[in-house]
Amino acid sequence: MHPHHDLARRLFLRRAAALSAVTGVGAPLALNLSLLGSAAAQGSPGYRALVCLFLFGGNDAFNTVLATDAASWDAYTRTRTQAPDAIALRPPGTAPDPGAAVASPARLGGVLPIAPLTAQGRSYALHPLLGEAKTLFDAGRLAIVPNVGPLLRPTTKAQYGQLSHPKPARLFSHNDQQNTWQALAPEGATRGWGGRMGDLLASANSQPVFTAISAGSTAVWLAGDSVRQYRVTGNGAVTLGVDGNGRVFGSTAIGSALQQLATSTRTSHALELDTAAVARRSIDAEQARRNALRPAGEAPFGTPPASGSYNPNNDPRLQYPNPLTGAMAFNALAQQFQVVARLIDAGRRGATGVQRQVFFVSLGGFDTHDLQNRNHADLMARVGQALAYFDRVLVDLGAAGQVTTFSASDFGRTFTSNGDGTDHGWGAHHVVSGGGVRGGDLYGRFPTLGVKNTNNNNFDSSPDQLGNGSLLPEVSVDQLGYTLGQWFGLSPTALLDIFPNLVNFDAGKRNLGFMA
């Protein structure tokens, strides 16, 4: 039997046995069909992981990936050169001015040219501080998906103005759009598409608790029907009152007593029983994780200290060039990627009993209504260094082709400036990186940039821009997730269940093609 089919058969039998113990022979037909669909979904053998990099606040895509052809650059500079603090970056080839204000466009120098394989008759560049991301793009390990955002169905500018045309709920709202990106519905949704992928593939994992892991904030993206997210910090799991050796105040006896209290119940009250079960699961998982992970200070994850204990704050592998100070500084985002890399290493070695994992890392501060030049420059420097660090570690582990990272954010920003920042938008450009990515190219049409009318803030000269120049998305979050899900091992049928809006999109355009 082909190993591809053998894995699917074994996973199906494992899940069927587990569910039959719960449901019995009288299980509904729908459940049995769900089993068959799940088995069909699990077709890619070997370890694989998806990593969501969420940029909280709404990243300014217009200063992240830029069109630099003459017409686009003219519209860009005319729109973003506004007093008192112009936010238009300098053109390619502009030398940095060390005497200019800290993190100002003049101080940063020109944007960094990139040459996509499919240039669409235009030229492009990245933010001046995304040099390491440019290196990944040039090497074919990073792709750009232009103008992505939540959509219920393809939407033209004319349709956007029609009340009858379905549109995502509560556009331009931070909480609602964070939730919509992660769970395809506004605030209040409880199941994310990463967690639902984990539901279908968790039977490949002998320890399902390690299926969905957040190294940043709690994320609805990781929540499924059966899969529950497991949260870790840069230093490891969040422990229940004890240290890494199970001690409290240096005593294992006190630590043991505390854990016994946390996992015991005195009544049969449902809430008490559930709380104790969560505590027990947390304690058992932390113990398993602690035994499985190699030390953070061990290569390739970190730099082994010459003496003393490892301190991530002093590790040069976790540092980035801070444009606000001119010095190297600790990058907490890189540390999140560090613990994810350690967990991936453990999974590939069989130490955590997993074949499929979804991870969530995040960085805040992208709500750049003001001081955009300073704040966005610092954020770009952190993101670029963290992505490059993660890529290097995965390459050293021999895992680059088994892990795919993609960016997400609340929304994009307005094309117009409010004087020294931008406001809430909709569509935005995003990146996908990893050894399995068909990098060095754009996947989707890059939007046409226009200029606002003199009597209002509309952009009638562009079919892709709404009021204040916000982008009307061309690519849906569902299409992005569908493409990632097929690489992850899920069948088209399973993915149509996870992404129900896809029935409104042309079947030939659901997979964007950026995965090998």
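The values are calculated or read from the model by the stated rules, or taken from the named source; none is laboratory data. Not measured: the values here are computed from a predicted model. Cβ sites come from the backbone with ideal geometry, for glycine too, and all protein chains shown count toward neighbours. SASA here: full protein model, heavy atoms, side chains in, ligands and nucleic acids out. Shrake-Rupley method; radii C 1.70, N 1.55, O 1.52, S 1.80 Å.
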Taking the stretch 418-430, which residues are open to solvent by less than 10 Å² (accessible area, probe 1.4 Å), touching a helix residue (DSSP H, G or I) at 6+ places or on another chain (Cβ under 7 Å) and not in a strand (DSSP E or B)? 421, 422
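Could you say whether any residue in the stretch 390-403 is of a type in the set (Gly, Ala, Ser), open to solvent by 10 Å² or more (accessible area, probe 1.4 Å) and touching a helix residue (DSSP H, G or I) at 6+ places or on another chain (Cβ under 6 Å)? Steps first, please.
Restricting attention to the stretch 390-403, the residues satisfying the condition of being of a type in the set (Gly, Ala, Ser) are 398-401.
Going one step further and asking which of them are open to solvent by 10 Å² or more (accessible area, probe 1.4 Å), we end up with 398, 400-401.
With touching a helix residue (DSSP H, G or I) at 6+ places or on another chain (Cβ under 6 Å) added as a condition, the list becomes 400.
Checking the stretch 390-403: at least one residue is of a type in the set (Gly, Ala, Ser), open to solvent by 10 Å² or more (accessible area, probe 1.4 Å) and touching a helix residue (DSSP H, G or I) at 6+ places or on another chain (Cβ under 6 Å).
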Go through the stretch 477-489 and give me each residue that's in a helix (DSSP H, G or I) and not acidic (Asp, Glu). 477, 479, 480, 481, 482, 483, 484, 485, 486, 487, 488
Selection status of residue 67, modelled with pLDDT of 95 or more and either among the acidic types (Asp, Glu) or open to solvent by 10 Å² or more (accessible area, probe 1.4 Å) (or both): no
Total residues in the stretch 298-331, condition free of Cβ contacts under 8 Å to residues at least 24 places away in the same chain and open to solvent by less than 20 Å² (accessible area, probe 1.4 Å): 1
Given the condition assigned to a loop (DSSP other than H, G, I, E, B), buried (at least 22 other Cβ atoms within 10 Å of the Cβ) and modelled with pLDDT of 95 or more, answer yes or no: does some residue in the stretch 114-125 qualify? no
Apart from one, (1) open to solvent by less than 10 Å² (accessible area, probe 1.4 Å); (2) of a type outside the set (Ser, Thr, Tyr); (3) more than 17 Å from residue 426 (Cβ to Cβ) all hold for residue 471; the odd one out is (3)
Filtering the stretch 144-167 down to residues that are out of contact with any Ser or Thr (no Cβ under 7 Å at 6 or more places or on another chain) and either among the hydrophobic types (A, V, I, L, M, F, W, C) or assigned to a helix (DSSP H, G or I) (or both) yields 144, 145, 148, 152, 157, 158, 159, 160, 163
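Name the one entry in 460, 441 that is of a type in the set (Asp, Glu) and within 20 Å of residue 78 (Cα to Cα). Quick ask: steps written out before the conclusion?
Details: 441 fails: within 20 Å of residue 78 (Cα to Cα).
On inspection, the qualifying residue turns out to be 460.
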One residue is enough: does the stretch 149-162 have a residue meeting the conditions more than 27 Å from residue 180 (Cβ to Cβ), open to solvent by 20 Å² or more (accessible area, probe 1.4 Å) and among the basic types (Lys, Arg)? no
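Could you please find all residues in the stretch 332-349 being open to solvent by 10 Å² or more (accessible area, probe 1.4 Å) and assigned to a helix (DSSP H, G or I)?
Here is the first cut: in the stretch 332-349, the ones open to solvent by 10 Å² or more (accessible area, probe 1.4 Å) are 332, 335-336, 342, 348-349.
Selection gives 332, 335, 336, 342, 348.
I'd like the full set of residues that are of a type outside the set (Asp, Glu) and crowded, with 21+ Cβ neighbours inside 10 Å, limited to the stretch 451-466. Walk me through how you get there before you give the answer.
Step one: list which residues in the stretch 451-466 are of a type outside the set (Asp, Glu), which gives 451-459, 461-463, 465-466.
Matches in the stretch 451-466: 452, 459, 465, 466.
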Does residue 275 qualify as being modelled with pLDDT of 75 or more, polar (S, T, N, Q) and open to solvent by 50 Å² or more (accessible area, probe 1.4 Å)? no
Conditions: (1) in contact with a Ser or Thr (Cβ under 7 Å, 6 or more places away or on another chain); (2) open to solvent by 10 Å² or more (accessible area, probe 1.4 Å). Residue 493 meets all but one. Number of the miss? (1)
What number goes with the only condition from (1) in contact (Cβ under 8 Å) with a residue 60 or more places away in the chain; (2) of a type outside the set (Gly, Ala, Ser); (3) open to solvent by 20 Å² or more (accessible area, probe 1.4 Å) that residue 366 does not pass? (3)
Can you spot a residue in the stretch 448-460 that is assigned to a strand (DSSP E or B) and of a type in the set (D, E, K, R)? no
Every residue from the stretch 184-209 that is hydrophobic (A, V, I, L, M, F, W, C), in contact with a strand residue (DSSP E or B) (Cβ under 8 Å, 6 or more places away or on another chain) and surrounded by 24 or more Cβ atoms within 10 Å (Cβ to Cβ): 197, 201, 202, 204
Which residue is most open to solvent (accessible area, probe 1.4 Å), if the candidates are limited to the stretch 70-87 and must be among the hydroxyl-bearing types (Ser, Thr, Tyr) and more than 16 Å from residue 121 (Cα to Cα)? 81
Counting only residues in the stretch 350-377 that are of a type in the set (D, E, K, R) and not in a helix (DSSP H, G or I), the one farthest from the chain's Cα centre (by Cα) is identified as 370
Picked from the stretch 379-417 (must be assigned to a helix (DSSP H, G or I) and among the acidic types (Asp, Glu)), the residue nearest to residue 176 (Cα to Cα) is 391
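I'm trying to understand the selection: among the residues of the stretch 490-516, which are assigned to a helix (DSSP H, G or I) and closer than 20 Å to residue 434 by Cβ? Can you show your working first?
Quick first cut of the stretch 490-516, residues assigned to a helix (DSSP H, G or I) only: 492-498, 500-504, 507-509.
Passing the criteria: only 495.
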